[in-house]
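Here is the structure we will look at, set down as C-alpha cells.
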Amino acid sequence: MKKSLITAALSTLALGVVFAAPAQAADVSACLITKTDTNPFFVKMKEGATAKAAELGVSLKSYAGKIDGDSESQVAAIETCIADGAKGILLTASDTQGIVPAVQKARDAGLLVIALDTPLEPIDSADMTFATDNLLAGELIGKWAAATLGDAAKDAKIAFLNLTPSQPSVDVLRNQGFMKGFGIDTVDINKIGDETDPRIVGHDITNGNEEGGRTAMENLLQKDPSINVVHTINEPAAAGAYEALKAVGKEGDVLIVSVDGGCPGVKNVAEGVIGATSQQYPLLMASLGIEAIKKFADTGEKPAATEGKNFFDTGVALVTDKPAAGVESIDTKVGTEKCWG
C-alpha cells in the first residue's frame, strides 16, 4: 500500500478510533464504513459498533463518506482497512455495485465483510448482510397509504423521493416495496422507473437529506401540483418534502410515508408531519456485526442468514398513530421507546 494512498484516504474520510482493552486490541481490529457521519441512522450505527467493540476488546476504526453517494471515499477506506490488518469490515455502501471489486479485494485478503442495512449487488458479494427487510419496510408503508386512502387510492397522485441516481439496493427495495404494497405493477422489481402506472407523477433524488427532499418535492410539485402521496427514502428527506409542501399550503393535503424510525422521525409521525414510517434498528445491526467479526477472528466461523432469507433480518415495525385495517403497526409511544438518534 503506497503511503500517498493512505494519506489521501485519511484526509478525505471522517475517522474516529476507539481503543478497547490493550491486551486484545492488537489481536482483533475492525472497521465500520458508513455512507455519512451526519445522518442519525449512521450515528446510531457507529454508537452500537463502538459500544460492542469496547465490550469485546475489539479495536474499531470508523470511516464515512463526505455525503451520501461518496463511494470513492468508501473504497479508500477499504484499502486502508486491508493495509491496517483489520479482521473485518462493516459496510453501508453508497454504490452497491461499484464497490464490489474493493470488497472482493478485502475478502481475498482474508477479511470478513458484512454489509449493514444496504445489500451489495449481488448480495453474496459480502460474506453476509445484516439488515432490515427493506422490501417489507417499503411494502408496509405502501399498504398503509393505500388502506388510509381507501377508494381514493385508485386516483392517487404519487411522488417518489429516492436516494441517488445509481439506485443502490436499499433505494430500489424500499421504492419497489412501496409500489407492491400500494398495488402498483413494478414491472421489474429490481429497478426504479420502468413502471407505467398513471398514478406515478415521477421520481426525483434527495441524497437522503432534508435539503434534497425539499428540492425534489419542489421539482415534482411543478410537474403536478395535485400530488397527494409522497414516498420518501428516509425521514430527513421526508422532513424536507414537508417543508416544500408547507411553503405552498399543501401540507395538510398530502400523505407522507418514510423509512427509518429515528427519534426525530417518530416525533414527526406524532406531530402529523409523516403519516407512517417503517422503523429499523441500526444499533442492533452494528453490534451484531462486531460480534460476528470477533467470532470470525476467534474461530473462523462466518455468520448465517435468517432461515428462508439470504441475509440476517434485524427486524422492522410500522409506526403510526393512525392505524389502518389489515396493516400491523405500533403507535408513536412504542416507537419512541425503540427509536434512535
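Summary of values
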read-out: Any hit, the range 275-286, residues being among the hydroxyl-bearing types (S, T, Y) and without any contact (Cβ under 8 Å) to a residue 12 or more places away in the chain; value: no
read-out: Total residues in the range 300-327, condition open to solvent by 90 Å² or more (accessible area, probe 1.4 Å) and closer than 29 Å to I114 by Cβ; value: 4
read-out: Options A126, A131, A86; residue that is under 19 Å from S29 (Cβ atoms) and either touching a residue at least 40 places away in the same chain (Cβ under 8 Å) or open to solvent by 50 Å² or more (accessible area, probe 1.4 Å) (or both); value: A86
read-out: Failed condition for K154, given (1) open to solvent by 40 Å² or more (accessible area, probe 1.4 Å); (2) farther than 29 Å from G98 by Cα; (3) in contact with a Gly (Cβ under 7 Å, 6 or more places away or on another chain); (4) not aromatic (F, W, Y); value: (3)
read-out: Count - residues of the range 245-263 that are surrounded by fewer than 16 Cβ atoms within 10 Å (Cβ to Cβ) and under 15 Å from the mean Cα position of the chain (by Cα); value: 0
read-out: Single match in A93, A53, A30 (criterion: modelled with pLDDT of 90 or more, within 22 Å of P282 (Cβ to Cβ) and in a helix (DSSP H, G or I)); value: A53
read-out: Hits in the range 37-50 - residues which are part of a loop (DSSP other than H, G, I, E, B) and open to solvent by less than 10 Å² (accessible area, probe 1.4 Å); value: none
read-out: Pairs, first under 27 Å from G213 (Cα atoms) in the range 56-74, second open to solvent by 20 Å² or more (accessible area, probe 1.4 Å) and of a type in the set (V, I, T), C-beta under 6 Å, six or more apart; value: S73/T12
read-out: Count of residues meeting criterion [among the hydrophobic types (A, V, I, L, M, F, W, C), assigned to a helix (DSSP H, G or I) and open to solvent by 10 Å² or more (accessible area, probe 1.4 Å)] in the range 56-83; value: 5
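The values are calculated or read from the model by the stated rules, or taken from the named source; none is laboratory data. Nothing here was measured: the structure is a model prediction, and the numbers come from that model. Don't worry about glycine lacking a Cβ; one is built from the backbone with ideal geometry, like all the others, and counts go over all protein chains shown. For the accessible areas, the whole protein counts, side chains as well, though only heavy atoms, and no ligand, DNA or RNA atoms are used. Shrake-Rupley method; radii C 1.70, N 1.55, O 1.52, S 1.80 Å.
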